[in-house]
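The numbers here are math on the coordinates, done by the rules we state, and not lab data. Everything numeric here is computed off the predicted structure, so don't read it as measured data. Counting neighbours? That spans all protein chains shown, and the Cβs are built from the backbone with ideal geometry, glycine included.
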Amino acid sequence: MRFWAQCHTHVSGTSLSPEALRNLDWSEFSIGHFAMHAVLNERYAELTGLALGKQHEPGSANLLWYGDVSHFHAKLDLVVLSACNTALGERIPGEGLRGLTQAFFAAGSQRVVGTLWEVDDQATSEWMPYFYRALKETHSPAKALHDAQEKMAAGSQWSSPYYWAGFVLAGDWRPLP
C-alpha cells in the first residue's frame, strides 16, 4: 500500500492547489487521504468540494470542486475523506446521492471512506490511527472501519456514536489487493 499522505511534502501546505492535484501522477499511489474541510451543497453537487486552504467560501480558488475530483483519473484502491459531510450530496431520484464519494468513483477509485455528518476534529484525529493500524493489519477497509469504531466506543472520552459512527465505507467491500 502506498499512501498519498506519505507524499505530503510535494502536494500539501501552501503549494496545494487544484492544479497541483490535477497534475499529480495518481498511478503512483493506492490510497489517498484528504484531511481538510469540505463544502456541501445538497442541491447542486457541482458546488460541493474540498477546501485546500484556510479560505473555503464558494468562489474561492482554494476549493477542489466535484468536477475537479471526477476528472482526476485517480484509480486508487481507497480514498479516505477526513472532512465533514463527505458521504452526502445532491439527491437524484432513482440514482441516489451525487457528491464527493461519487466524484472519486468517477475518477476511478474503488472505495471511499466518507462522513455522514460534521465530525469532531479532535475525535477524528483519535479515530484515524485506529483505522490505519487495523487497515495495515487486515488490508480490509470494512474491518478497519469496524475495528476503529469499536476502539472509540470502548473508550470513555469518545464513546458516544456521534464521534465515530459518522464514518462509512462506499464501494468495494473486499480487502485491498
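Please list, ordered by chain and number, the residues whose modelled amide H lies under 5 Å from the amide H of ALA35; skip anything fewer than 5 residues away on the same chain.
Placed amide hydrogens put SER82 under 5 Å from ALA35.
For the ranges 43-49, 19-25, what's the packing order if you count other beta-carbon atoms within 10 Å of each residue, average per peptide, and put the highest first?
43-49, 19-25
Run the simple label-point estimate for VAL168 and GLU19 please: 7 Å along Cα→C-beta, distance reported in nm.
Roughly 3.7 nm, to one decimal.
Give the share of C-alpha pairs in each 10 angstrom bin for the stretch 62-145, from 0 to the last occupied bin, in whole percents, shortest bins first.
Going from the shortest bin to the longest, the percentages are 17, 44, 34, 5.
Rounded to the nearest 20 Debye, what is the dipole magnitude of the stretch 26-177 about its Cα centre when Lys and Arg each give +1 and Asp and Glu each give -1 at the C-beta?
The calculated dipole for the stretch 26-177 is roughly 260 debye.
Considering just Cα atoms, how many Å³ per residue does the convex hull of the stretch 38-177 enclose?
Convex hull volume per residue, Cα atoms: 111 Å³.
Name the long-range amide H neighbours of GLU118: under 5 Å, sequence gap of 5 or more, or other chain; modelled H, no Pro or chain starts.
So GLU118 has HN proximity to ASN85.
Under a 5 Å amide H to amide H cut-off, with H placed in plane at 1.01 Å, what residues pair with LEU76 once short-range neighbours are removed?
It is SER109, GLN110, by chain and number.
Can you find, among PHE167, LEU63, TRP26, the residue farthest towards the positive end of the dipole of the chain? Put +1 on the C-beta of Lys and Arg, -1 on that of Asp and Glu.
Of the options given, the answer is TRP26.
From the backbone phi of the stretch 128-145, what are the Karplus-calculated ³J(HN,Hα) couplings (6.51 cos²θ - 1.76 cosθ + 1.60, θ = phi - 60°) in whole Hz, Gly and Pro given as x?
4, x, 4, 4, 6, 5, 5, 5, 5, 6, 9, 6, 10, x, 5, 5, 4, 4
Note down, for the stretch 107-173, the three equivalent ellipsoid semi-axes (square root of 5 times each alpha carbon gyration tensor eigenvalue), biggest first, whole angstrom.
Sorted largest first and rounded, they come to 20, 14, 9 Å.
Could you run the Karplus curve 6.51 cos²θ - 1.76 cosθ + 1.60 with θ = phi - 60° over the stretch 85-101 and give me ³J(HN,Hα) per residue in whole Hz, x for Gly and Pro?
Karplus-based 3J(HN,Hα) across the stretch 85-101 equals 6, 7, 9, 9, x, 6, 7, 10, x, x, 10, x, 8, 10, x, 5, 4 Hz.
Per residue of the stretch 149-156, what does 6.51 cos²θ - 1.76 cosθ + 1.60 with θ = phi - 60° give for ³J(HN,Hα)? Whole Hz please, x for Gly and Pro, Karplus curve as stated.
Using θ = phi - 60°, the values come out as 5, 4, 4, 5, 5, 6, x, 8 Hz.
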